[in-house]
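Colleague: Take a look at the following structure, please.
The values are calculated or read from the model by the stated rules, or taken from the named source; none is laboratory data. Remember, predicted model here, so these are calculated numbers, not experimental data. Positions of Cβ are generated from backbone atoms using ideal geometry, with glycine treated the same way; all protein chains shown enter the neighbour counts.
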Ligand code: AMP
């Protein structure tokens, strides 16, 4: 991968990277399309990163669709698919981890200890392997975006981090590879996350600024759905991931499936 990327740079070509864990859907493809429009060469990495999964999480059953991924990426016209093995990425003896402080400690970081250490480490390795000039991430994973932006700035990586809007189903559910885990009743219930964000955005639009009231709207909407259990509902600053701020962030469990979503309340809610 590094040799190919160095060859492209020697020819004066710019490189865009889209990191994914595969099981591609229209959300991933929106990042790929944007990267294709903004770079001479586009690399999509497909790597289920074991070190960002905690004990008891879904690493062993994480969805996979390699043939479909390949045909989607071919049709999109990407220049390289980088698919390292776990042994390529973490050979015996590898002991370095990238730790971002502050923004990793709350919410997703608290719910998933070690998650952002795994993310920061793999993103650093993927950026090093691909020499990317720009890397593309989804707003869907808002705290991940904050971590990656912090990482790129703090380590002077010289890569531009581009953030792409969340792609949603018609009923508002944010696309996610994990949506495949939902049975039909759970799928219907899962719309409570986007409904909660929409109601909070509506209240914000009417002038509601009290974080406790906004949090209560989020919490009550999730609590009203019998199949959903709220993990957290907060309103934070999108860079610091602490209060005060206008980014509503939510995590909830529907059965065994944990879903996250977010919306900047300053923006009108789509749909
Ligand atoms: P994943 O394969 O889940 O690691 O996701 C790879 C990239 O796709 C991450 O930057 C995600 O934030 C992004 N992504 C996932 N779902 C969506 C979505 N519904 N809309 C936009 N981007 C997304």
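Colleague: Does any residue of the range 55-74 turn out to be under 19 Å from residue 128 (Cα atoms) and within 14 Å of the ligand (Cβ to nearest atom)?
Modeller: no
Colleague: Out of everything in the range 128-151 that is away from the ligand (no atom under 13 Å from the Cβ) and buried (at least 22 other Cβ atoms within 10 Å of the Cβ), what residue ends up being farthest from residue 40 (Cα to Cα)?
Modeller: 151
Colleague: Do you know which of the residues in the range 31-54 that are within 10 Å of the ligand (Cβ to nearest atom) and farther than 30 Å from residue 11 by Cα is surrounded by the most Cβ atoms within 10 Å (Cβ to Cβ)?
Modeller: Among them, the one singled out is 49.
Okay, residues lined up against (1) touching a helix residue (DSSP H, G or I) at 6+ places or on another chain (Cβ under 7 Å); (2) under 15 Å from residue 267 (Cβ atoms); (3) modelled with pLDDT under 95; (4) part of a helix (DSSP H, G or I):
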{"site": "197", "(1), (2), (3), (4)": "no, yes, no, yes"}
{"site": "207", "(1), (2), (3), (4)": "no, no, no, no"}
{"site": "217", "(1), (2), (3), (4)": "yes, no, no, yes"}
{"site": "231", "(1), (2), (3), (4)": "yes, no, no, no"}
{"site": "238", "(1), (2), (3), (4)": "yes, yes, no, no"}
{"site": "252", "(1), (2), (3), (4)": "yes, no, no, no"}
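Residues checked against (1) free of Cβ contacts under 8 Å to residues at least 40 places away in the same chain; (2) under 29 Å from residue 181 (Cα atoms):
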residue: 6; (1), (2): no, no
residue: 10; (1), (2): yes, no
residue: 14; (1), (2): no, no
residue: 41; (1), (2): yes, no
residue: 52; (1), (2): no, yes
residue: 56; (1), (2): yes, yes
residue: 92; (1), (2): yes, no
residue: 108; (1), (2): no, yes
residue: 115; (1), (2): no, yes
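Colleague: Mind checking which residues of the range 39-71 are farther than 28 Å from residue 108 by Cα and in contact with a helix residue (DSSP H, G or I) (Cβ under 9 Å, 6 or more places away or on another chain)?
Modeller: Of everything in the range 39-71, those that are farther than 28 Å from residue 108 by Cα and in contact with a helix residue (DSSP H, G or I) (Cβ under 9 Å, 6 or more places away or on another chain) turn out to be 40, 41, 42.
Colleague: If I ask for residues that are closer than 19 Å to residue 5 by Cβ, without any contact (Cβ under 8 Å) to a residue 40 or more places away in the chain and either within 13 Å of the ligand (Cβ to nearest atom) or not in a strand (DSSP E or B) (or both), which ones from the range 160-187 would you list?
Modeller: 161
Colleague: Turning to a different aspect of this structure: Within the range 19-30, which residues are under 11 Å from the mean Cα position of the chain (by Cα) and either within 20 Å of residue 127 (Cβ to Cβ) or more than 7 Å from the ligand (Cβ to nearest atom) (or both)?
Modeller: Residues satisfying the conditions are 19, 20, 21, 28.
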